Amino acid sequence: MEAFPYWQNLGAAMSLLSVLPFVGLILLIAILPFFPAASCWWEKHLNKFKVALVCAIGGILLYFIPTGDMHKIWITYLEYAAFLALLASLFVISGGIHISGAFAGFPYTNTIFLAIGAVLASLLGTTGASMIMIRPLLRANRQRQHKAHIVIFFIFIVSNCGGLLTPLGDPPLYLGFLRGVPFGWTLRLAPQWALANFLLLFVFYIFDAWYFRREEAHMRETLIGEIKQAKRKIHIQGWINVLFLLGIMGVILASGYCIHPVLVHYRGEMAAEITSKIFQVIMMAVLACASYRLTSARIRHENEFTFAPIGEVAILFFGIFGAMIPALTLLEAKSQMLALREPWHYFWMSGGLSSFLDNAPTYLVYATLAASQNHLSAIHLGDLADQFPSLLAAISCGTVFMGAITYIGNGPNFMVKSVAEHARVKMPSFGGYMLWSGAILIPIFILLTYVFFR
């Protein structure tokens, strides 16, 4: 059953009700940790699951009762399974790679770490790069007193802005690739990638140098002592997991280049989407299980590996995916009424919504809108990339960059936060993180608007 006629005619009150489960879940994530009694209750995964389940059911019912459409619900949770399979497989595989050596948490060292992570994010994906780089970065700074800002900038750069250059970098770009955007097209976004990441690295170095000067007087000698005690400059253990990471990349490429195009030709777009996602879920689960079985327990112990971070992500995003069904459907229906014409319109609208909603479907909504407004195929976005590259560039940058604005804007964000907290780093609350992102990211995004999207 087509949902749009109903959703296009919703009044203000019903529109507000449609987004209530999603907004309610976000507010609970943001507010509960502030209250001592509630935060103790919230720390338990079972209680998080109860809240996530209620919000997911609320979102599902608010969509299903007026539309009677179960298909979108099943597809949404198939996307959730594929999303979680990618995050979990990269989490498990990267947990079997231990990087150590003669490095410590000096400002220049941390900046180099983040710069390497920005490059790896486009090659291994923001999730893969985040999970590989966050643990050695935390170990390098374990003696530092002030280190929450390091993790915050890590989320900005490695978990988000670094993943712009290839379809492997971030899910929105991969969806564009599946819809016909050439694999190498995103390389033309190198100027936006370079400016955003350069500015973030520059600001980070200033912040980290300032915090470093506030450390105890003996901190420099402590870090120098750690470097001298290191047996090797760089030592990587668990090399077999590099092969498993390449296997994950191979699964993604095989799905995009082989399985999806063949199935589109023979069985249609919907069957191709479903089958390719099932293929990804199964193969990624196989690779993750193989990695866990074949990796030494000693390496995972040295990485302080536990399943708690991925468990927390799985629970919260289970609720987010269900609660956002009516919100996204409302967005799809109402977006046709928006007067979007210029690249900067698409940059801020797609980016602003990607800060809270899943950035992959948000990318498709606005790419489809841009294509339809210019009388192009919404199924084959290669035409949009060829004839209106500035619009697709704005949507791509908005959905990738602005996923850094909140902890839930991109899957790796919350996982990095959880890993850092398990390493006893006191991270800011949901709202506290947004104060950081608002103060640092928004001015950079305004500059990018004037340079690239006016």
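The values are calculated or read from the model by the stated rules, or taken from the named source; none is laboratory data. Predicted model, so just to flag it, every value in this text is computed and none were measured. Positions of Cβ are backbone-derived with ideal geometry, glycine not excepted, and every protein chain shown enters the neighbour counts.
Look at (1) crowded, with 17+ Cβ neighbours inside 10 Å; (2) within 30 Å of Leu20 (Cα to Cα); (3) among the polar types (S, T, N, Q) and you find that Ser130 fails only one, number (2).
Contact map, region 317-330: first residue within 21 Å of Ala88 (Cβ to Cβ), second residue charged (D, E, K, R) and at pLDDT 90 or above, Cβ cut-off under 9 Å, separation 6 or more or different chains; pairs are Gly319/Lys48.
If the condition is being of a type in the set (S, T, N, Q) and under 22 Å from Ala148 (Cβ atoms), then region 209-239 contributes only Thr222. Looking only at residues in region 276-300 that are of a type in the set (Gly, Ala, Ser) and crowded, with 17+ Cβ neighbours inside 10 Å, the one that is farthest from Gln237 (Cα to Cα) is Ser276.
Of all the numbered requirements in (1) part of a helix (DSSP H, G or I); (2) surrounded by fewer than 24 Cβ atoms within 10 Å (Cβ to Cβ); (3) out of contact with any Asp or Glu (no Cβ under 9 Å at 6 or more places or on another chain); (4) at pLDDT below 95, Ser418 misses one, and that requirement is (3).
Contact annotation: residue pairs with Cβ atoms under 9 Å, 6 or more positions apart or on different chains, pairing a residue in region 104-115 that is over 15 Å from Ile206 (Cβ atoms) with a partner that is surrounded by fewer than 18 Cβ atoms within 10 Å (Cβ to Cβ) and of a type in the set (S, T, N, Q), are Ala104/Gln143; Ala104/Thr222; Gly105/Gln143. Of a type outside the set (Lys, Arg) and in a helix (DSSP H, G or I): is that true of Leu340 in this structure? When the stated conditions are applied, Leu340 does not pass them.
Filtered by the rule that a residue be charged (D, E, K, R) and either modelled with pLDDT of 90 or more or surrounded by 18 or more Cβ atoms within 10 Å (Cβ to Cβ) (or both), region 301-327 gives a lone residue, Glu312. Residues that are among the aliphatic types (A, V, I, L, M), surrounded by fewer than 24 Cβ atoms within 10 Å (Cβ to Cβ), within 22 Å of Leu441 (Cβ to Cβ) and in contact (Cβ under 8 Å) with a residue 12 or more places away in the chain do not occur anywhere in region 165-173.
Identification of helices (runs of 4 or more DSSP H) wholly contained in region 142-248 with 3 or more residues that are more than 30 Å from Leu376 (Cβ to Cβ) yields 148-157, 190-213, 219-229. In region 73-97, the residues that are under 19 Å from Phe244 (Cβ atoms) reach residues that are among the basic types (Lys, Arg) with C-beta atoms within less than 6 angstrom, at least six apart or across chains, in these pairs: Ala82/Lys277; Gly95/Arg300. In this structure, does Ala423 turn out to be within 22 Å of the chain's Cα centre (by Cα) and in contact (Cβ under 8 Å) with a residue 40 or more places away in the chain? So Ala423 fits the description; yes. Looking across region 58-79, the residues that are in contact with an Asp or Glu (Cβ under 9 Å, 6 or more places away or on another chain) and either closer than 21 Å to Gly311 by Cβ or surrounded by fewer than 20 Cβ atoms within 10 Å (Cβ to Cβ) (or both) come down to Asp69, Ile75, Leu78, Glu79.
Considering (1) within 19 Å of Lys417 (Cα to Cα); (2) in contact with a Pro (Cβ under 6 Å, 6 or more places away or on another chain), the lone condition that Val151 does not fulfil carries the number (2).
When we screen Phe401, Phe452, Phe445 for residues that are closer than 28 Å to Ala308 by Cα, part of a helix (DSSP H, G or I) and either of a type outside the set (A, V, I, L, M) or modelled with pLDDT under 90 (or both), the only hit is Phe401. In this structure, is Leu381 of a type in the set (A, V, I, L, M) and either under 24 Å from Arg188 (Cβ atoms) or touching a Lys or Arg at 6+ places or on another chain (Cβ under 8 Å) (or both)? Taking the combined requirement at face value, the residue satisfies it.
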